[in-house]
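Worksheet: the structure to be examined is printed underneath.
Coordinate-derived values only; no laboratory data. For clarity, every value in this text was computed on a predicted model and none was experimentally measured. Neighbour counts are summed over all protein chains in view; Cβ atoms, including those assigned to glycine, are modelled from backbone coordinates with ideal geometry.
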Amino acid sequence: MTFNGLIISTMRIHYGFDSLSAIERPVVTIGSFDGVHRGHAALLGEVVQEARRIGGRSVVVTFDPHPREVLPRGGEFRLLTTIAQKAQLLEALGVDELIVVEFTLAFAALSSEEFVRDFLVAKLGVDTLVVGYNHRFGHDVGVSADHFERLAEKYGFALHRASAYTYEGGKVSSSVIRALVESGEIQRAEELLGHKL
């Protein structure tokens, strides 16, 4: 399969949820994953490992355009990776399925429960949801940490909360890496990414 000129040898790419073919026991994580940095790689490693453990498929749900391009927070915003580069990096980490969701204002208005119920459960048939230790999504981002546990119990899927990740004692995030790039600290940015820009 090719994706914007890149060869994706094992990962299947889907655009939205409406044309999904059946995916066996999906182990799913959700996020922008801009840069696919070391912290992302650690979480995705848990997704891939859990999918293999249960005989399922590892699934990443990501967004295009990036939510901050639709819901600007002010100031300049620079993506670390294009959607094509992101796909290549995800494939290299062993992800089986990539679902690219068009991020719109209407989509942004969904609550986390609406997204879980109407997309992850109804259209994808999620078996296990893997979330970061402090993960939030949906317009109700201020929900409590046990919110996902209640959703898992209500809709009948397993929840796996990934471990916190640090690199050399510090936090790794796309925002931190963007700041390093903007200040010209490319080598340090690439150390946190775990790959070249």
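General remarks:
- Residues with amide H under 5 Å from that of residue 13, placed H, sequence gap 5 or more: 98
- Amide N proximity, segment 45-75 versus residue 163 label position 7 Å along Cα-to-Cβ, cut-off under 13 Å: 45-47
- By the helix-only formula, in which each DSSP H run with n ≥ 4 contributes -39500 (n - 2.57) and the sum is divided by residues, the chain has a 222 nm mean residue ellipticity of -9000 deg cm²/dmol.
- One decimal place: the segment residue 107-residue 13 gains 31.9 nm when fully extended, by the rule 0.36 nm per residue minus the C-alpha distance.
- Across segment 163-176, computed HN-Hα scalar couplings (Karplus, 6.51 cos²θ - 1.76 cosθ + 1.60, θ = phi - 60°) run 6, 5, 10, 10, 10, 6, x, x, 6, 10, 8, 4, 5, 4 Hz from first to last residue, x flagging Gly and Pro.
- Sequence-distant contacts, meaning Cα pairs under 8 Å at least 6 residues apart, place the relative contact order of the chain at 28 percent.
- Note on the chain: GNM, Cα springs under 10 Å; of 59, 172, 36, the largest mean-square fluctuation is that of 172.
- Taking the Cα centre of segment 24-165 as reference, the dipole from Cβ charges on Lys and Arg (+1) and Asp and Glu (-1) amounts to some 240 debye.
- Dipole of the chain, positive direction: furthest Cα of 195, 26, 16, with charges on the beta-carbon: 195
- Ignoring lysines fewer than eight residues from residue 123 along the same chain, the ones with Cα atoms less than 30 angstrom from its Cα are 86, 154.
- FRET efficiency, residue 52 to residue 73 (Cβ-Cβ, R0 41 Å, nearest 0.05): 0.65
- Label-to-label distance, nm, for residues given as residue 84 and residue 197 (7 Å Cα→Cβ offset): 2.0 nm
- Per-selection Rg to Rh, the chain - Cα, Kirkwood hydrodynamic radius: 0.94
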